[in-house]
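Here's the structure, in structure tokens; my notes come after.
The values are calculated or read from the model by the stated rules, or taken from the named source; none is laboratory data. All figures in this text were calculated on a predicted structure; none of them were measured in a lab. Methodologically, a virtual Cβ is constructed for each residue, glycine included, from the backbone with ideal geometry; neighbour enumeration extends over all protein chains shown.
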Amino acid sequence: SGAERRCAASSDASRMPCSGRSSRIGRALLSHRLDTEGPIVKWRRSQRRRGPRPCGSPLSAIRVVGRTNDTLSFQTAEGREVRLLPLALGTVIEETPGVRRFQAIKTAPKLLSIMLEAEPGADLLSVWERVAMRLRDYLSAQGLSVFNVERSPEPPQPNPVSGKFRQVWAEV
């Protein structure tokens, strides 16, 4: 039995999708679990109201934000484009012993800046040295041997709107 795909939607009495603003403001997190029959929707809402929805439904609506990590593109010394998937890059970092939380940001064409938080009791400098070594090995294996990896002095920061910690993105 394969995984069943489900989605949550709000509709009016005639089963037509409702549009417009929701009557309650909140945040939803949709996470797909491979070992279940559908995604899990977690919904947290405040008590503020913006008035009734145009369709008259008293139910709340959700706005899907989508993925927040970026696939990073870099050029090799020979000019070939290499695309790094956020899951692969993140795995290299987060599987390093002592890493609690990280953010990897492409800040220049050949620069990856890492915001790093170590597990309690772990030495941040030692953890960083292991992360930097693992990243350089991974990037070299992808053909990116002429590349800089730096540790940001700032710790990882949550998104001010969602509260989630975005892990991999490009600023250039």
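Any idea which residue in region 149-165 is nearest to Glu81 (Cα to Cα), counting only those that are surrounded by 12 or more Cβ atoms within 10 Å (Cβ to Cβ) and among the hydrophobic types (A, V, I, L, M, F, W, C)?
Only one residue fits best here, namely Val149.
Within region 115-148, restricting attention to residues that are of a type in the set (Val, Ile, Thr) and surrounded by 19 or more Cβ atoms within 10 Å (Cβ to Cβ), which residue is nearest to Val82 (Cα to Cα)?
Top of the filtered list is Val131.
What about Glu81, is it touching a helix residue (DSSP H, G or I) at 6+ places or on another chain (Cβ under 9 Å) and free of Cβ contacts under 8 Å to residues at least 40 places away in the same chain?
no
Would you pick out the residues in region 139-166 that are aromatic (Phe, Trp, Tyr) and within 20 Å of Arg100 (Cβ to Cβ)?
Phe165
Looking at Thr36, is it of a type in the set (Ser, Thr, Tyr), farther than 21 Å from Glu171 by Cα, at pLDDT 95 or above and not in a strand (DSSP E or B)?
When the stated conditions are applied, Thr36 does not pass them.
Matching residues to (1) β-branched (Val, Ile, Thr); (2) in contact (Cβ under 8 Å) with a residue 60 or more places away in the chain; (3) in contact with a Gly (Cβ under 9 Å, 6 or more places away or on another chain):
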{"position": "Ala77", "(1), (2), (3)": "no, yes, yes"}
{"position": "Arg101", "(1), (2), (3)": "no, yes, no"}
{"position": "Arg130", "(1), (2), (3)": "no, no, yes"}
{"position": "Leu144", "(1), (2), (3)": "no, yes, no"}
{"position": "Pro153", "(1), (2), (3)": "no, no, no"}
{"position": "Pro158", "(1), (2), (3)": "no, no, no"}
{"position": "Gly163", "(1), (2), (3)": "no, yes, no"}
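Spot the failing condition for Arg136; the list is (1) farther than 19 Å from Thr71 by Cα; (2) not in a loop (DSSP other than H, G, I, E, B), and only one is missed.
(1)
Restrict the check to region 96-110 and report whether at least one residue is of a type in the set (Ser, Thr, Tyr) and either in a helix (DSSP H, G or I) or surrounded by fewer than 19 Cβ atoms within 10 Å (Cβ to Cβ) (or both).
Yes: region 96-110 contains one or more residues that are of a type in the set (Ser, Thr, Tyr) and either in a helix (DSSP H, G or I) or surrounded by fewer than 19 Cβ atoms within 10 Å (Cβ to Cβ) (or both).
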